[in-house]
Each structure stands twice: as structure tokens, then as C-alpha cells.
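Working notes, structure below.
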Amino acid sequence: MDICVIGAGYVGLVTSACLAYLGNHVIAVESNPERLSSLQAGGVPFFEPGLEEFVKKTSATGNLTFSDNLAAAVQKAQIIFIAVGTPSLPNGEPDLSQVMVVARAIGGALDDSKRRIVVNKSTVPVGSGNWVEMLVSQGVANAQKSAKETVPPASTARSEGPSFVVVSNPEFLREGSAIADSFYPDRIVVGSIDEQATSVMKNLYKPIINQTFEQPSFAKRPEKLESVPFVVTDLASAELIKYSANAFLAMKISFANEISGLCEKVGADVKQVAQGIGLDYRIGKAFLNAGVGWGGSCFGKDVSALMQVAKEYSYPTSLLEATVAVNERQRLVVIKKLQEELKILKGRTIGLMGLSFKPDTDDLRDAPALTIAYQLLKMGASVKAYDPVSNEVCKTLHPHLDVVYATDVEDLASDCDALVLVTEWAQFKKADWKKIAKLMRWPLVIDGRNALNEDDIRACGITYRGVGC
Ligand code: NAD
């Protein structure tokens, strides 16, 4: 099929490469000139394991190309994916301006040659499907109006205008495992009441639904995966599924964090508690790790957007509010522990292990490390930081963050009064604690993810403090 994907960020680029790998002809449209030239030169403008090699391979087949010519890409395509960003505004509502621009531009580019399916892959609030349909129609009307003004009509016969339908197809991939998540998702959700559109979408995803494609060497098919559920809903339900899924996951982490505080009071160990409750299949083990809380581009933004939607209907969202409040409090738990151990933080040097909001990505959006760094600086401490991939991104995006960037873990540990694990990168778990103990001014490690080997650290004479244990 001919596909156009608008926006080549984490979601758009991964979607484009995967659909191209499955044999479709994909044009990924990107408006950021630096991103576009990097993509056209065979690079990937952000860190995602395996993606650069994958994009290179699919581009070499001729199935994946990059362009900034939205109109040409739209005209060629049968299916048009909107995959632009929907970041949070200061009031918590999602900023839909990128979606608005793109939807109107799609309308302006449509012609009568075929019926198009416009797919909302960006995470957008309930009701956005109808809104996008209105914007595409406005784009069509504007284009028809300017065509009439420039070209005198050849006949009085009235054209019916281009035919299109808007469907919702929310994305559930996780940064760090984005390719595998796209090939082996837990489900594919399509929101539409248009039978022809749902049938085309099912056909597009058939190789994934039936798992008939050849598994790429770097994204192995999970054992026993034979098929993927294809869930068809109405538009509003599909939009709500995406927000509710993220809100539920954020709530699960906040729940574990709330319990972790109680564990510290009563002398219990949150890791044991999480294991004990997670073995109940109704609860499940995932997302029960206590620590410095959730971050990233999706959870905070999507929980806020869900609360905003509810507000429009004067509907209370106490659970969601508590989810956010616990998370805000949790980010500063490591600072409380530093105060307990070091008493005075002014003049101390604290080393942050990790900056990105989670391992295997360089994404710093809403990263707990930034909250912790800014708070420590405010309290008069000096802050050092080391992240295996995000140091440079952080320097560029946060030029005023007064942090000394280290070149490796040992460089980070040198002359520190404490190390705080913020992002559980694999290399931090394998750190040489004996060496680190000698380099530190004061041997203290705060494990903000409960991910380090406590016994190994203590054996090197370092004081170890986890979260909730
Ligand atoms: P992103 O900011 O990384 O990428 C968006 C891209 O769209 C950028 O490269 C930007 O330059 C481009 N763009 C903006 N306007 C454009 C235009 N007019 N024409 C062409 N390109 C344009 O965002 P992302 O992380 O890929 O997220 C995209 C959407 O998917 C968001 O709604 C997000 O909430 C959702 N989502 C993200 C993830 C994730 O893990 N990142 C997961 C699931 C869903």
C-alpha cells in the first residue's frame, strides 16, 4: 500500500520503518530541516536501539523515503498517518497546534483520485477524530476556494470534492523497545465506524495480526506469539483507550511508590511487597517498581490531558490527581535521603547516575533527573551527572542547568559526597564499586530505582539506601 506518515519523531519514524519493512511504500514527511537532512543522510536524529540500522536497511529497499513535500506524499498515499507531537501546554491541556496545521494541509492536498484514510496516531483528546475531520474539510474548502479564484471554472458541473475518512489508531510503543513493540504489540486498536476503513486498516496490519512476516534479526518474535488482537472501537473509545492505558500504568507506579513510603515507616521491604502482590495475575508484576517515579513524554502529558477532558464535563478525577501528586512527591524522596545521611547539602557534590527518563533512550522530556538536579542546585549543592547517551542532549536542551558532565561512572564518582541512581542503565548495574568507593569523597549511594546490588555496594564499604526498603 502507499502510505504517508507525517512527523518523523519516535512514533512516526518507527511506524514508517516497520510499515516499509512489511512491504508498503512509505513516504515519511518531516518539516524540521535538520531532522529531515539527518534522515535523508541515513542518520536517526535521536537514540533508539537498533533504529538507525533498521531505517538504513528499509530505506535501501526503496520502500522508505523522506520528504518535506506533504502535498505530494498525501496525493500518492491511500493511508495518511498523523504522527506529530502533542506536548502539554502549561495548563495541562495538550498542544494540538501541530495536528491542526497538518490536518488542514492534508485537506488542502487531497484530490479526487481515491478515497483516503486519515489516521490519527498522535495521542489526542477524546473528540479529536471529529475535530480532525472538520479541519481536513476546512483544508479542502480553502483549496477549492483558492482554485476557483485562480482558475476560471471550465464547466458549471460541481465536483463532490475529495473523499476521506478519519480513524483513530493510538500508538502504544515504548521508547527503548520501539521496534519490537511495533512488530509484537499487545493489541492494535482502530477506532472507526466506517467498515471500508477498518477493513483497509486490518489489511495493512495483517502481517502483524497473523505474525506472518519474517522476524528481523534484532527484534525477535516473543515465544508463543501467534497473533495480535485487532480491536475495533468507535473513535471516542479508541482515543480514551490510549489515555486510560497510560493513566493506569502511571497510577500503578504511583501506587507502588505510595506503598514504598509506608514500607519505610513500618520496616517492610517494598521489593518483597511488590513481588508478593505482583504474582496475583489480576495485578501483574509490571510497573510495580518503587523509585523516583515516572516521567517521559507520555505519562504526565496524557494523565493531564485526561484530567482536562474530565474537567470539561465537571467530572472529578481523584485517582488521577493522586497519581500526579504522589509522583511529584516521589521525585524528591532521594533528596530527603541525602539530607538524612549528609545532613547539610550546601557545598556537597552529588553525582547523578543517568539523566534520561528511562534507560535505552536519550529522551529527557519530563525526566525525574532534571527535577532532582534543579532542586539540588537550589539547595546549594554542586551537581555532577553522567548518562551513557544523554549528556550532549542535556547540554543542548538545558544550557542553563549548572551541571558538570562526567565522561564515565568513575569520573562521575570522583570527589562526590553521594551518588544517586536516577536512570537504571545496564552499565550502572555492572559498575566497579570497589574502584568507585576509593574515588568518592564520602561513600554513599542512593538507589533511586532499587536496581543496584545492595550487597556488592555495602561490601565495598559504601552506605546504601534504596527506596521503600
Ligand atoms: P516527536 O516530537 O518526537 O515527533 C514529532 C515529529 O513531527 C517531529 O520530528 C516534528 O518535527 C514533526 N512535525 C511537526 N509538525 C510537522 C509538520 N507540519 N509536518 C511534518 N512534520 C512535522 O513526537 P513523538 O514522541 O514521536 O510523539 C508523536 C505522538 O505520538 C504524540 O502525540 C505522542 O503523545 C504520541 N506517542 C508517543 C510515544 C513515545 O513514546 N514517544 C508513544 C506513544 C504515543
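The values are calculated or read from the model by the stated rules, or taken from the named source; none is laboratory data. Because the structure is a prediction, the values reported are computed rather than measured. Neighbour counts are summed over all protein chains in view; Cβ atoms, including those assigned to glycine, are modelled from backbone coordinates with ideal geometry. When the accessible area is computed, the model is the full protein with side chains, heavy atoms only, and any ligands, DNA or RNA have been set aside. Shrake-Rupley method; radii C 1.70, N 1.55, O 1.52, S 1.80 Å.
One table, with the values for the structure above:
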{"quantity": "The stretch 2-233 - accessible surface per residue (Å², probe 1.4 Å)", "calculated": "46"}
{"quantity": "Cα-based Kirkwood hydrodynamic radius, the stretch 242-329, one decimal, Å", "calculated": "13.6"}
{"quantity": "The stretch 242-329: relative contact order in percent, alpha carbon pairs under 8 Å with at least 6 residues between", "calculated": "40"}
{"quantity": "Relative contact order for the stretch 18-131, counting Cα pairs under 8 Å that sit 6 or more residues apart, in percent", "calculated": "25"}
{"quantity": "For the stretch 2-233, alpha-carbon Rg relative to the globular expectation (2.2 N^0.38 Å, N residues)", "calculated": "1.03"}
{"quantity": "Under the span-like rule (Cα at least 24 Å along the axis, Kyte-Doolittle mean at least 0.5), DSSP H helices of the chain", "calculated": "235-266"}
{"quantity": "Spatial extent of the stretch 69-200: Rg and Dmax, with the Cα atoms as the point set, Å", "calculated": "16.7, 56"}
{"quantity": "Computed [θ] at 222 nm, deg cm²/dmol, the chain (DSSP H ≥ 4; -39,500 (n - 2.57); rounded to nearest 500)", "calculated": "-14000 deg cm²/dmol"}
{"quantity": "Exposed chymotrypsin sites (Phe, Trp or Tyr not before Pro) absent - longest run of the chain, DSSP non-H/G/I/E/B, at most 10 other C-beta within 10 Å", "calculated": "1-280"}
{"quantity": "Neighbour cut-off at most 14 other Cβ (10 Å), DSSP loop, trypsin sites (Lys or Arg not before Pro), the stretch 178-250", "calculated": "Arg187, Lys220, Lys224"}
{"quantity": "Long-range HN-HN contacts of Val5 with modeled amide H, under 5 Å", "calculated": "Ile27, Ala28, Val29, Phe81"}
{"quantity": "Accessible area of the stretch 314-386 belonging to carbon and sulfur atoms, whole % at 1.4 Å probe", "calculated": "56"}
{"quantity": "Pairwise centroid distance, computed over Cα atoms, of the stretch 183-237 with the stretch 323-350, Å", "calculated": "44"}
{"quantity": "Relative contact order for the stretch 2-233, counting Cα pairs under 8 Å that sit 6 or more residues apart, in percent", "calculated": "18"}
{"quantity": "Residue-by-residue Karplus 3J(HN,Hα) for the stretch 454-469, coefficients 6.51, -1.76, 1.60, Hz, glycine and proline x", "calculated": "4, 5, 4, 5, 4, 4, 9, x, 9, 6, 10, 10, x, 10, x, 8"}
{"quantity": "Span per principal axis, largest first, for the Cα atoms of the stretch 331-465 (Å)", "calculated": "38, 31, 23"}
{"quantity": "Accessible surface of the stretch 164-218, 1.4 Å probe, proportion on carbon and sulfur as whole %", "calculated": "45"}
{"quantity": "P(r) of the chain over all Cα-Cα pairs, binned every 10 Å from zero, in whole percent", "calculated": "4, 18, 26, 24, 16, 8, 2, 1, 0"}
